[in-house]
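Here is the structure we will look at.
The values are calculated or read from the model by the stated rules, or taken from the named source; none is laboratory data. None of the values given here were measured: they were computed from a predicted structure. Virtual Cβ from ideal backbone geometry, glycine too; neighbours counted across all protein chains shown.
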Amino acid sequence: MDAAQETRESRDRGLVRVVGPLGLAANVVNMVIGAGIFVLPAALAREIGAAAPLAYGVCAVAMGAVALCFAEAGSRVPTSGGPYGYAEAAFGPFFGFVMGALIWLSAVLGSAGIASAVVETLATFAPPLHERVVRAVVIAALYVLLAVVNIRGAAPGARLVGFFTAAKLIPLLVFLVAGATLIQPENFSLAAAPASGNFGRAMMLAIFAFSGMETALGVSGEVRAPARSVPLGLIGAMAAVTLIYIAIQIVAQGASGGALARSSAPLADALAPLSPALSSLLIVGAAVSMSGYLAGDIFSAPRLIFAAARDGFLPSTLAALHPKSHAPAIAIVVHAVIVVALALSGTFVELAILSTLATAGIYILGCAAAVVLQRRGIATAGEPLNFKATGAAALIGIAAMIWVAAQATVREDVSVAIALTAIGALYLAVRVGRNRKRA
């Protein structure tokens with residue numbers, strides 16, 4: 001056994017593998033279908049009009065290639081932290097640390113924004129939630145509840161994610177069925193082809209909507225029969241998400257036409273002509289979907305802190321397991337506290353674009369790791385997926401992510417560079433500290 005494999009096995013020691021393929025798939029669907037789908041149809045329509053479903057189609061090809069690479073890597077190195085382990089096994093501890101830091105940063109910023117958005121959405125029905133103190137109490141109480149459930153163990157956390165996944169799909173299915181009766185064929189007419197720049201920004205939005213699987217895979221160290229369950233759960237979930245997204249965009253465009261680009265609540269507004277009650281259901285559905293994202297985040301993202309602590313990059317206290325549930329309790333609490341603090345401060349808004357662009361870097365590194373792991377024959381948990389076209393999928397995924405990143409502004413690129421510099425400096429500081437102790 002080499003040192004790297006021994007490190008990964010030590011990282012997962014004490015964890016209980018209780019999550020099956022359906023549980024993992026539910027976590028992926030829950031993390032990917034967050035709050036965005038309730039507002040994204042309008043954003044895409046503003047960029048490229050009736051051509052929006054095409055952006056989903058192109059994005060589905062790119063994300064399908066990335067998902068296949070992650071499925072390959074996940075079947076070979078199913079460790080706590082998910083992609084953190086893929087990069088570490090393929091390229092060494094530095095790239096593993098960079099991968100884990102980017103995933104956690106993206107997750108914590110996204111969660112802070114969505115936690116705040118949950119309260120804003122609920123304020124539609126309860127105006128006192130606009131008050132600062134009430135808002136703070138509700139956000140803190142929500143994360144206390146989620147933390148308590150997850151500290152009780154991976155199984156209760158997975159069940160909560162499964163509940164939210166089912167709950168968030170119900171209003172979306174209602175929208176598809178009811179909205180289909182309002183579709184007007186003329187609403188799909190395209191006056192002119194969208195400009196390349198607009199299509200590029202639309203693709204960035206679509207990639208953001210499809211992101212989340214990298215965080216959901218953080219529980220890989222607690223998945224049963226991971227060599228089979230990880231690829232099955234991941235590929236099945238992403239296929240389902242693609243079909244749902246394309247169907248929602250088609251129905252929204254067909255029902256609202258030109259008004260879609262001007263809507264702030266596109267799904268709710270599309271159903272308003274049918275029934276105010278259905279419109280309200282979609283608003284509640286948005287709040288449920290956001291809450292489900294938060295449940296999936298606290299189920300998955302703290303495992304990145306836990307994995308980094310077990311590998312010696314963070315204080316060992318963060319690697320402590322609950323004596324009864326074997327959940328990474330301290331990591332869960334720390335993650336929850338940071339998210340609540342960011343949600344209350346509001347500073348996360350300026351870093352939202354950084355979160356989106358970080359995802360492109362995560363996917364590039366993950367695709368490359370899958371190729372290396374397959375070529376080296378690394379497999380730590382049974383017979384891996386061994387997808388024959390992993391190289392081709394990685395090429396498509398990497399090229400697509402580079403193209404998407406190229407759509408960013410100079411200011412956004414500088415923000416990413418600053419983040420990467422900070423991550424590298426932190427890694428070097430840890431290494432220097434280790435060398436001093438050894439000396």
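Couple of notes before you dig in:
- The criterion of at least 3 residues that are at pLDDT below 85 and touching a Cys at 6+ places or on another chain (Cβ under 9 Å) is met by the following helices (runs of 4 or more DSSP H) wholly inside the range 168-276: 196-210.
- Set side by side, the residues Ala327, Ala307, Ala331 differ, and just one is in contact (Cβ under 8 Å) with a residue 60 or more places away in the chain and either over 17 Å from Val144 (Cβ atoms) or outside any loop (DSSP other than H, G, I, E, B) (or both), which is Ala307.
- Only residues that are touching a strand residue (DSSP E or B) at 6+ places or on another chain (Cβ under 7 Å) and modelled with pLDDT of 90 or more were counted across the range 74-89, and they come to 0.
- Extreme residue, modelled with the lowest pLDDT, among residues of the range 90-107 that are surrounded by fewer than 24 Cβ atoms within 10 Å (Cβ to Cβ) and not aromatic (Phe, Trp, Tyr): Leu105
- Checked against the criterion of being within 16 Å of Gly153 (Cβ to Cβ), surrounded by fewer than 22 Cβ atoms within 10 Å (Cβ to Cβ) and either modelled with pLDDT of 90 or more or hydrophobic (A, V, I, L, M, F, W, C) (or both), the candidates Leu321, Leu354 yield just one match: Leu321.
- Hey, Leu385 assigned to a helix (DSSP H, G or I) and in contact with a helix residue (DSSP H, G or I) (Cβ under 9 Å, 6 or more places away or on another chain) or not: no
- So Tyr363, is it out of contact with any strand residue (DSSP E or B) (no Cβ under 6 Å at 6 or more places or on another chain) and within 21 Å of Gly110 (Cβ to Cβ): yes
- If you go through the range 29-62 and keep only what is modelled with pLDDT of 85 or more and farther than 26 Å from Ser279 by Cβ, you end up with Val58, Cys59, Ala60, Val61, Ala62.
- In the set (1) within 23 Å of Phe387 (Cα to Cα); (2) in contact with a Ser or Thr (Cβ under 9 Å, 6 or more places away or on another chain); (3) among the aliphatic types (A, V, I, L, M), the condition left unmet by Ala237 is number (2).
- Scan of the range 300-330 for residues that are within 24 Å of the chain's Cα centre (by Cα) and polar (S, T, N, Q), ordered by number: Ser300
- Test for Val404: is it surrounded by 12 or more Cβ atoms within 10 Å (Cβ to Cβ), among the β-branched types (Val, Ile, Thr), farther than 20 Å from Ser211 by Cα and modelled with pLDDT under 85: no
- Residues that are under 23 Å from Phe387 (Cβ atoms) and touching a helix residue (DSSP H, G or I) at 6+ places or on another chain (Cβ under 9 Å) occur in the range 31-53; there is at least one.
- The range 110-138, residues that are surrounded by 13 or more Cβ atoms within 10 Å (Cβ to Cβ), charged (D, E, K, R) and modelled with pLDDT of 80 or more: Arg135
- Residue check for Ala65: out of contact with any Lys or Arg (no Cβ under 6 Å at 6 or more places or on another chain), at pLDDT below 85, within 22 Å of Ile207 (Cα to Cα) and among the hydrophobic types (A, V, I, L, M, F, W, C): no
- For the range 174-186, the set of residues classified as surrounded by 13 or more Cβ atoms within 10 Å (Cβ to Cβ) and either more than 13 Å from Ser256 (Cα to Cα) or among the hydrophobic types (A, V, I, L, M, F, W, C) (or both) consists of Val174, Phe175, Leu176, Ala178, Ala180, Leu182, Ile183, listed by residue number.
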